[in-house]
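The values are calculated or read from the model by the stated rules, or taken from the named source; none is laboratory data. In this text the structure is predicted, and so the values were computed from the model without any measurement. Cβ: placed from backbone, ideal geometry, glycine included. Neighbour counts: every protein chain shown. The area values use the complete protein model at the heavy-atom level, side chains included, leaving out ligands, DNA and RNA. Shrake-Rupley method; radii C 1.70, N 1.55, O 1.52, S 1.80 Å.
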Amino acid sequence: MAKVDTIVVVGVGARTPLGLDAPSSAAAVRAGLSAIQDHPYLTDRFGELMKVTRDAGVAVELQGADRVVEIALSASLEALRPLLGSGHPATVSLILSTGEPRPGQPEGFAAQVSGALRKRLSQHVMLEGGGSTAGGHAGGLLAMHHACKSLRERKARFCLAGGVDSYFDLETLEWLDDNEQLHSEGNVFGFCPGEAAGFCLLTTLATAREFGLTPLLEIVGTSTAAEENRIKTKTVVLGEGLGAAFRLLFADAPIDPVDRIICDMNGERYRGNEYGFAVLRNPGRFKDAADFETPADCWGDVGAASGPLFVSLVAEAEARNYQKGPLSLIWAGSENGARATVLLGGPGRRS
């Protein structure tokens, strides 16, 4: 039987270039659809229109924090829907991550987005505690890691953990182009920048039962680590940071090998090399380490939103009975060196 203090996911929310909610986004990824398209007018250093993904429901003219909040709002409300529909009042701790500081998203951007989102969500739910960080690709999973810690320490009963990111900004896209990170026919090891939001509503199994909420997934474990040999430096990555994150995660995990792997690899060679070395550092923990999924092929690189969106993919697979097996590993890595992982189990894994 699952313990009453087991942490479970009771709500997921997604907004991506492929869909305005979790079910439609997951269905599109499962079908292998791609939202990658030409930018309306920006060209790269080769003179070609930049390859991007974007939220067609948000006006091109809406930029900055206003754009990011607009994308985050519907995804966060979707994740909150089970709680809002339960008829039981409850306070929720919001833990949010945005992209790392960069041109187009300066210092203080995460706090600005968090403040604006809190103001809009407060019309629907009581918010208390939490925080925000500019965590980058690993940011959404870092938010989940801190949410689990808050729940275990009984600092909150419900945590809404998520990430939102958008590269759809003139300064940001030109910066990526200058760094030779944009994917094109002239740069096959670049990525297609996108924008999205993903959120997960977390609580303990005991609280879920108290509120009559159905667990979608179990959080089997989380871990974080740091990589010193970072991307866009002259160092060579050997998977030490990601390998350490895997090792910490597996230390308290079931001995069963991982059935499904979803990650934020986006076409950059660095990320593939890092994963290969990290797997070698953790032999025997994967049913098939080469059988990993990279949703960035479909919805583009969505930065801080990646991790929570991966959770929504697993939740949809569980709900619709096409999940590969009981254990799913999701991981992501930020340019600042942060690495984060989450191990997910089905809602009835130990029942």
>> Go through (1) modelled with pLDDT under 95; (2) crowded, with 17+ Cβ neighbours inside 10 Å for Ser97 and report which single condition fails.
In response: (1)
> Would a scan of the stretch 35-49 turn up a residue that is within 30 Å of Leu343 (Cα to Cα) and in contact with a Leu (Cβ under 6 Å, 6 or more places away or on another chain)?
Replying inline: yes
> Looking at this structure, is Ala197 open to solvent by less than 10 Å² (accessible area, probe 1.4 Å), touching a Lys or Arg at 6+ places or on another chain (Cβ under 6 Å) and closer than 21 Å to Leu309 by Cα?
Replying inline: yes
>> Looking at the structure I just gave you, is Val342 within 25 Å of Ala56 (Cβ to Cβ) and among the β-branched types (Val, Ile, Thr)?
In response: no
> Any idea which of Arg285, Arg269 is open to solvent by 30 Å² or more (accessible area, probe 1.4 Å), over 12 Å from the mean Cα position of the chain (by Cα) and farther than 20 Å from Arg230 by Cα?
Replying inline: Arg285
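Residues checked against (1) open to solvent by 20 Å² or more (accessible area, probe 1.4 Å); (2) among the polar types (S, T, N, Q); (3) under 18 Å from Gly163 (Cα atoms); (4) touching a helix residue (DSSP H, G or I) at 6+ places or on another chain (Cβ under 7 Å):
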{"position": "Ala59", "(1), (2), (3), (4)": "yes, no, no, no"}
{"position": "Ala65", "(1), (2), (3), (4)": "no, no, yes, yes"}
{"position": "Ala72", "(1), (2), (3), (4)": "no, no, yes, yes"}
{"position": "Gly108", "(1), (2), (3), (4)": "yes, no, yes, no"}
{"position": "Ser114", "(1), (2), (3), (4)": "no, yes, yes, no"}
{"position": "His137", "(1), (2), (3), (4)": "no, no, yes, yes"}
{"position": "Gly140", "(1), (2), (3), (4)": "no, no, yes, yes"}
{"position": "Met144", "(1), (2), (3), (4)": "no, no, yes, yes"}
> Filtering the stretch 153-185 down to residues that are of a type in the set (D, E, K, R) and either more than 23 Å from Pro89 (Cβ to Cβ) or open to solvent by less than 30 Å² (accessible area, probe 1.4 Å) (or both), which residue is modelled with the lowest pLDDT?
Replying inline: Glu185
> Mind checking which pairs have a first residue in the stretch 205-218 that is over 26 Å from Gly325 (Cβ atoms) and modelled with pLDDT of 95 or more and a second that is open to solvent by less than 30 Å² (accessible area, probe 1.4 Å) and assigned to a helix (DSSP H, G or I), Cβ under 9 Å, 6 or more apart or different chains?
Replying inline: Thr207/Leu151; Phe211/Leu83
>> Regarding the stretch 204-219, can at least one residue be identified that is of a type in the set (Phe, Trp, Tyr) and surrounded by fewer than 19 Cβ atoms within 10 Å (Cβ to Cβ)?
In response: yes
